[in-house]
Amino acid sequence: MPRPRPVRAVRLRPVGDTELQPHHRVVHGYRRAFRMAGRGPALVLVHGIGDSSATWADLIPDLARTHTVIAPDLLGHGGSDRPRADYSVAAYANGLRDLLTALGIESATLVGHSLGGGVAMQFAYQFPERTERLILVSAGGVGREVNPVLRLVSLPGADLMLSALRLPGMRLNIGLAARLLKLLDTDLGQDAPELLTLVDALPDGTSRNAFIRTLRAVVDWRGQVVTMLDRCYLTQGMPTLLLWGDRDSVVPVRHAYGAHAAMPGSRLEIFEGAGHFPFHSDPARFLALVQEFTSTTAPAAWSRERWRELLLEGGPGTARADARQRALREASERSAT
């Protein structure tokens, strides 16, 4: 059967500057910041750890010409509150559901980057009836490996180490080191500008504590401690697009191939020469892929009966499930629930 031809994005109207500014909504007593623009099917952009909705700012105007784009600042990030709270991926998925409900969004295509990819997968697992498609960008939660710096920051005493970043001269030294990594053409150097942005996003103790609590929910000294691979078979029938940089030093590109193999019917696109932020390295290609994917795939049709069938088929007691569990135990010891 021939593949459907991509539908050219219809530029319905320009997006005003006021639409791109952060808005706020109080949910459960905490202020949640988000950007919302455009009209059309809902497209939710979920950022990674230490980041904010600002990471999508340059992409939102194009996406908003054909979609209602919602880009939240996760709790503890950006302009959202930073309470002493639950920063697990399951809690983030719950918070995302409640924000979307408050905004009148019943279902959406989720685009998740890094930690946001794990949140998007968890959202699809907890609320499949509200998930139309998944677009996972350098997503966490599909393997143990992660950059050693993140493993180090998960250790006790990390708050003192992060507070040292605010000492006089440290910002300059980190900037010089990042530029050197870029000049040496290292994989980590591909994301030098983003590394500096993450440093600037931790200006005070409250921000650092929220960052550490979020990190420790998903990473320890051995690597990532949360995986969705053991339930990826449940994505069968849900359009899923995986986007990854082949020089990702945070979440290695081999995780992309593992996720692709574990998600029936998924599509994988590799950005050559890109690091952990392929949507920054090649925004034109990223936009084209998102537009083409959303316009040529039908939203997932969730069925309680089909969900039960998949659970029984892939649940404990089957030979296939036993083999899958043995393989998964080698990759990770704990799953998100």
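The values are calculated or read from the model by the stated rules, or taken from the named source; none is laboratory data. Nothing here was measured: the structure is a model prediction, and the numbers come from that model. Glycine gets a Cβ as well: all are built from the backbone with ideal geometry, and neighbour counts include every protein chain shown. Just so you know, the surface numbers come from the protein's heavy atoms only, side chains and all, with ligands and any DNA or RNA stripped out. Shrake-Rupley method; radii C 1.70, N 1.55, O 1.52, S 1.80 Å.
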Multiplying the sequence separation of residue 198 and residue 105 by 0.36 nm and subtracting their Cα-Cα distance, what value in nm do you get? 30.5 nm
Assuming R0 = 56 Å, what is the FRET efficiency of residue 57 and residue 312, from their Cβ-Cβ distance, to the nearest 0.05? 0.80
Two pseudo-spin positions, 7 Å from Cα along C-beta at residue 152 and at residue 305, lie apart in nanometres by 5.6
Averaged per residue, what accessible surface does segment 56-134 expose to a 1.4 Å probe, in Å²? 26
Could you rank the peptides 44-57, 115-128, 245-258 by their average count of other C-beta atoms within 10 Å per residue, with the highest value first? 115-128, 44-57, 245-258
Where labels lie 7 Å past Cα in the beta-carbon direction, separation of residue 222 and residue 254 in nm: 1.7
Stretched fully, the stretch from residue 284 through residue 24 gains (0.36 nm per residue minus C-alpha distance, one decimal, in nm) 90.7 nm
Could you calculate the FRET efficiency of residue 39 with residue 269 from 1/(1 + (r/R0)^6), where r is the beta carbon distance between them and R0 is 45 Å, rounded to 0.05? 0.95
Express in Å², to the nearest 10, the accessible area of residue 195 obtained by rolling a 1.4 Å probe over the protein heavy atoms while all chains stay in place. 60
Could you report the accessible area of residue 219 in Å², rounded to 10, computed with a 1.4 Å probe on the protein chains as they sit in the structure? 10
